[in-house]
Each structure stands twice: as structure tokens, then as C-alpha cells.
1. With respect to SER195, is the statement that it is assigned by TED's automatic domain parsing to the domain that holds ALA76 and crowded, with 19+ Cβ neighbours inside 10 Å true?
2. So how many residues does region 5-53 have that are in contact with a strand residue (DSSP E or B) (Cβ under 8 Å, 6 or more places away or on another chain) and at pLDDT 90 or above?
3. Would you tally the residues in region 276-299 being under 23 Å from the mean Cα position of the chain (by Cα) and surrounded by fewer than 16 Cβ atoms within 10 Å (Cβ to Cβ)?
4. Return the pairs, sorted by first residue and then second, in which the second residue is of a type outside the set (Phe, Trp, Tyr) and crowded, with 18+ Cβ neighbours inside 10 Å, the first residue lies in region 377-392 and is closer than 18 Å to PHE410 by Cβ and not assigned by TED's automatic domain parsing to the domain that holds VAL418, the beta carbons are less than 7 Å apart, and the residues are 6+ apart or on different chains.
5. How many residues does region 392-422 hold that are more than 19 Å from GLU437 (Cα to Cα), surrounded by fewer than 17 Cβ atoms within 10 Å (Cβ to Cβ) and not polar (S, T, N, Q)?
6. For region 223-233, check the following and say yes or no: at least one residue is in a loop (DSSP other than H, G, I, E, B) and of a type in the set (Val, Ile, Thr).
7. Give region 45-64 a look and list any residue that's crowded, with 17+ Cβ neighbours inside 10 Å and more than 14 Å from the chain's Cα centre (by Cα), or say none.
8. Got a number for residues in region 411-442 being among the hydroxyl-bearing types (Ser, Thr, Tyr) and part of a loop (DSSP other than H, G, I, E, B)?
Amino acid sequence: MTDLRTSGPTPPDGAAVVPRVRLRSPLGVWPVLLPVLAITGVVVAATGAMRAWPYQEWVQTSAEFHQQNALTAPIAAAAATYFAGRLLPPSRIFALPSATRAGRQTVARHLGLLIGAFVGAYLLGLLPLVVVTVSGAEYGGPDLGVMLTGVLGLVLATAIGYLVGAVTRTAMTAPLSFVLLFGATALGSGGDTFSALAPVLHIKPVLGVVQSTPFVVYRLAFLTASTIAVVWATVGLVRRHRANRRFRGSGLALLPLLIPAVLVVPPLLSKPALFAYEAETPSVCRAVNGVEYCVHEGHRSRLGIMIAATDAALTRHGGSAPFTRVYDEALRGRPVNGTDVWRAQARDTVLWVPVQPHNPSESRPVQAVGVLSGLGPCHQLRGTADPESVRLAGDLGRWLDGTAAPGNVFTGMPDSSVQRWIAANGDRIAGCGLTPETLPGQ
């Protein structure tokens, strides 16, 4: 509502009077400002750990645009319900049933304000993460389609919250909208079943994997169509406020909601594939002591770290390794040596190392030690292995990665003695069959 007022001293006779125009809302600034601050604060706080990663991946930053709907969408919905519940009842002096703008113009002005403010706050909260990713990512760029699903998710949540306020005509149902949207985001984070319908996914892609194009396209179409349907229904419902009718005939106004109801069915009958391998997976490789090391180009700064850790364990082991290639997990979708043999199937000679910014384990030879010490085979026995054999395999693993404590059975033994023992007991180590009687010097 526009309020034209003049202020200041009375001008002298004959002087022009220039009124000051102040835009005022019947509710004041706080019903919009508080959720704006909450949305920005939630996103900044939730992405703080990501901003501290040693490097960034665009695929994860892009996904964060929809993952942050988990709490912000319920906040936006509750705020929109409060806003509509306070402004739409025809008993309000500023929303009389006889108002000529009741209907499309009212909804457009209200939702324009709410959506603009909430989306702006959302993007502002994500801006620090984007800035860090621009400077810290080593490969690729933003996935605009994936990012747009998050923005549309917040827009839809705001529209749904406004519709709830229009239906109930009271701000008291704001908690209902919060619970409703929180449940909707929880559906997407609970598994694949509702992933095509809710912005929040139960798992985020990592480098080397992308959200599949059909999946993203369907999500964009569903969120867009649902937003249009919700706004359409809200306009029809608000128009009925002119006659001060609460429920009579409201079913006709809500008919557009059949559109998202129909679109819900296809992905429930046939769940789409969420992720696909990258079409191109460029790699950076280096051979050291007869072992080929390769990482995704987006992890090129980690190659030297991975080589140093793994080669140190191999050197300490002293014998021939059961693998000749150490590959970054992000390369699983790339053929070996340009052939049709996929790396995921070359398990006999390839050691896969997960290189991930949120868990930079490549600085320790975890996977190599698991193979060389027999600890990996022990874990594969799923609890049927001899506990003593598991303990000894763990001691050997810690000796191999240089973290053996004073209580370790291999502590204090000469490296050459342990290496000769490893060479003579390769089968026992590989089969999780170590016993105290087989230890060096026994």
C-alpha cells in the first residue's frame, strides 16, 4: 500500500510542495525481514564446513543449491502462510471483499514481494560458497539446471505456504506449512522413490558423476508446473474472497492442483536414474616404481599426495604389490587404456582410492594398507574371521602406514625382518589367516 505523506517544516508562501513518497506495508517490514535473515543465516551456517574444504568441486556446489531447501523451504512456506493469513481475510480494512484488485493483482504483488525477498536471501547465503568454489575448484563449472531446481524448489515452497494462508485465512497455520514442507523435503532425502519430486536428494553427486539429464529435466518441469498450478489455484481462491465465501465452491478454484497430482505418478511408477557418469573424465597420471597413479583432472592437486602416501606403504611392504594401478574413484566411468574394458571391472590390478574434499583420506594409504595387510579380506568375512587374525592384520596395517603404537606386535622389529616375513606369508595375509604362531621370530 502506498502512503503519500509530507514531512518537514512548512514551506514559505509560493514555494512548491514536493511530497515524500514512502512505501508502507500494513504488516510492516518484520514479517518479511525475519524470514529473509533466517534463510540467509541457515544457508551460510550450513555451508560453512564446505567452505573450509581444501579444494572445491562444482558438482557438489551446484547440488548445494537444492540441498539447502531442507530447512529454508519450510521457513519460506511458514512465512508466506503468515503473510497471507494476515492480509487475505476480507475482514481486514486493507483487503475488503469489494477491492477491485482482489485476485490476480493481489497474489502477484504479495508473491512477487515474498519470492523476490526469499530467493534473494537464499542466493545471498550461497554466494560465499560460490566465491570459494570459483577460486578453489580445479575443473568444470556450475550446473545451471541443477542450481535452478533449488531456486524453483524455494519458489514452490513459498507459493504453497501462501496458498495455505489463502485457504485457512489465518496466520495461525504457519506452523502447519512448516511441517508440511519439512515433510516434503524429508521425502526426497529418504531414498530414490520421491527424488524426482522433491528438491532435496538423499545423496549428492561427487566428481566424476553428474545428475542425469532426464532426471534434472523432469524435476524442472515438475517444479515449474506445480508452481504455476499453485499460483493459479490461489488466484481463483482469493477472487472468491470478494463474496466472503470460505469453503463453498472452493473445490473449483483448487482444480489446477490436479496438474502436479498427475505429474507425481510417472516417477513413482518408474524411478529415473539419479546419476550418470561424466561424458568426459579427463585424468592426470604419473608412474612411480612401476605403479600407475591416476586422478581426475579436478583432483590434480591431490595426485602427489596420493602417490607419496601409497608409495611409502608399498616401500615399507617390500614385496610385489597385488595391484599395478592406483586410480581415483572419480575415474570409474572411464575406459582403461582406451579399450572397452571399464575400470570398474578391472579389480584384479586396480586399487580404487576415494579422493573427496570432505574426507581427504588420500593423504593416508588406507586402501593400499587394507589390501597389503589383509585387513580388507578380514572385513569381507563379515564377522566370521578369527578376532586374533583381525587384530594381527590391523597391527600389520598400522606398521605399514607408519602409525604403529608401542603395543603393536611389529613395533621394534627391523624392517627387513618384517618384509621377509611378509614375503613368506603372503597367502596367510591375503586370506586373513594370521596367528600368533606365524609371527616373525615365533
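The values are calculated or read from the model by the stated rules, or taken from the named source; none is laboratory data. Owing to the predicted nature of the structure, the values given are computational and were not obtained by experimental measurement. Reconstructed Cβ throughout: ideal geometry from the backbone, glycine too, with neighbour counts over all protein chains shown. With ligands, DNA and RNA removed, areas are computed over all heavy atoms of the protein, side chains included. Shrake-Rupley method; radii C 1.70, N 1.55, O 1.52, S 1.80 Å.
1. Values: assigned by TED's automatic domain parsing to the domain that holds ALA76: yes; crowded, with 19+ Cβ neighbours inside 10 Å: yes.
Considered against the rule, which asks whether it is assigned by TED's automatic domain parsing to the domain that holds ALA76 and crowded, with 19+ Cβ neighbours inside 10 Å, SER195 comes out as yes.
2. Number satisfying all stated conditions: 1.
3. Within region 276-299, residues that are under 23 Å from the mean Cα position of the chain (by Cα) and surrounded by fewer than 16 Cβ atoms within 10 Å (Cβ to Cβ) number 3.
4. none
5. Initially, region 392-422 is screened for residues more than 19 Å from GLU437 (Cα to Cα), giving 398, 400-406, 415-416.
Remaining after also requiring surrounded by fewer than 17 Cβ atoms within 10 Å (Cβ to Cβ): 402-403, 405-406, 415-416.
In the following step, the residues that additionally are not polar (S, T, N, Q) were identified as 402, 405-406, 415.
Residues that pass the stated criteria total 4.
6. Within region 223-233, the subset in a loop (DSSP other than H, G, I, E, B) is none.
Taking every residue of region 223-233 in turn, none turns out to be in a loop (DSSP other than H, G, I, E, B) and of a type in the set (Val, Ile, Thr).
7. We begin by selecting, within region 45-64, every residue crowded, with 17+ Cβ neighbours inside 10 Å; these are 46-47, 50, 53, 55-64.
Hits for region 45-64 are TRP53, TYR55.
8. First, the residues of region 411-442 that are among the hydroxyl-bearing types (Ser, Thr, Tyr): 411, 416-417, 435, 438.
Those left that are additionally part of a loop (DSSP other than H, G, I, E, B): 411, 435.
Number satisfying all stated conditions: 2.
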